[in-house]
Amino acid sequence: MASLAQERNGNYHIVFWFGGTRFKRSLKTNSLKKAQAAKARLEDTLQLAEIGRLEVPEAADVATFFLSDGKQNSKPVVREARLNPLFDQYFSCMPTGCLEVGTCGLWAVAAWEIQFRLLTGVPSSGFLPTAHHPSVVAFFSYFDT
């Protein structure tokens, strides 16, 4: 039903057929014992599908479905973490008038700097922006107009 193949880098791949289609996936292990265990689980899941005790969803990624013992329909999706909603929520929860305008402005600039450095990979120079920093001056000049 299924077979194992070891690649040059030592990792094992599993090869199997389902519905007339050949599937080959990396098991991401170089341990023969773990690869054989994954093969046994896959063969059990394939047998359940063949006898009708397990139904494969139409939109499922078949290889992922069988390698996850019939629990996952697709590859996991990694969601990107965004700082904008976090900062927006933080600043919107601030009571009006609790801080001076300058403090709020410096916090907004610091939030912008954090996001800029994370997105661009520019290393931090180890300072916090001061009132004379160009980004702070530009921030306040925007509100002065």
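The values are calculated or read from the model by the stated rules, or taken from the named source; none is laboratory data. It should be emphasised that the depicted structure is a prediction, and the values quoted were computed from it without experimental measurement. Quick reminder, even Gly has a Cβ in these numbers, built from the backbone with ideal geometry, and neighbours come from all protein chains shown.
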Restricting attention to the range 20-45, report how many residues are closer than 13 Å to SER3 by Cα and not in a strand (DSSP E or B). 11
Looking only at the range 1-23, and only at residues there that are touching a Ser or Thr at 6+ places or on another chain (Cβ under 8 Å) and among the aromatic types (Phe, Trp, Tyr), the one that is farthest from VAL62 (Cα to Cα): TYR12
Check on LYS71, charged (D, E, K, R), in contact with a strand residue (DSSP E or B) (Cβ under 9 Å, 6 or more places away or on another chain) and over 30 Å from ARG117 (Cβ atoms): no
Residue check for ALA108: at pLDDT 75 or above and either of a type in the set (D, E, K, R) or not in a loop (DSSP other than H, G, I, E, B) (or both): yes
List the pairs whose first member sits in the range 5-22 and is closer than 21 Å to LEU46 by Cβ, whose second member is loosely packed, with under 10 Cβ neighbours inside 10 Å, and whose Cβ atoms are under 9 Å apart, counting only residues at least 6 apart or on separate chains? VAL15/ARG22; PHE16/ARG22
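Yes/no per residue for (1) among the hydroxyl-bearing types (Ser, Thr, Tyr); (2) farther than 30 Å from ALA108 by Cα:
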position	(1), (2)
TRP17	no, yes
GLY20	no, yes
LEU27	no, yes
GLY52	no, yes
SER74	yes, yes
TYR90	yes, no
CYS98	no, no
Please give the number of the condition VAL78 fails out of (1) farther than 19 Å from VAL15 by Cα; (2) of a type in the set (Val, Ile, Thr); (3) at pLDDT 80 or above. (3)
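Listed here are the residues, each with its yes/no results for (1) within 16 Å of GLY70 (Cα to Cα); (2) exposed (fewer than 12 other Cβ atoms within 10 Å of the Cβ).
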{"site": "GLN6", "(1), (2)": "no, no"}
{"site": "VAL15", "(1), (2)": "no, no"}
{"site": "THR21", "(1), (2)": "no, yes"}
{"site": "LYS24", "(1), (2)": "no, yes"}
{"site": "ASN30", "(1), (2)": "no, no"}
{"site": "LYS34", "(1), (2)": "no, no"}
{"site": "ALA38", "(1), (2)": "yes, no"}
{"site": "GLU43", "(1), (2)": "yes, no"}
Residues in the range 117-134 that are loosely packed, with under 13 Cβ neighbours inside 10 Å and either in a helix (DSSP H, G or I) or modelled with pLDDT of 70 or more (or both): how many? 4
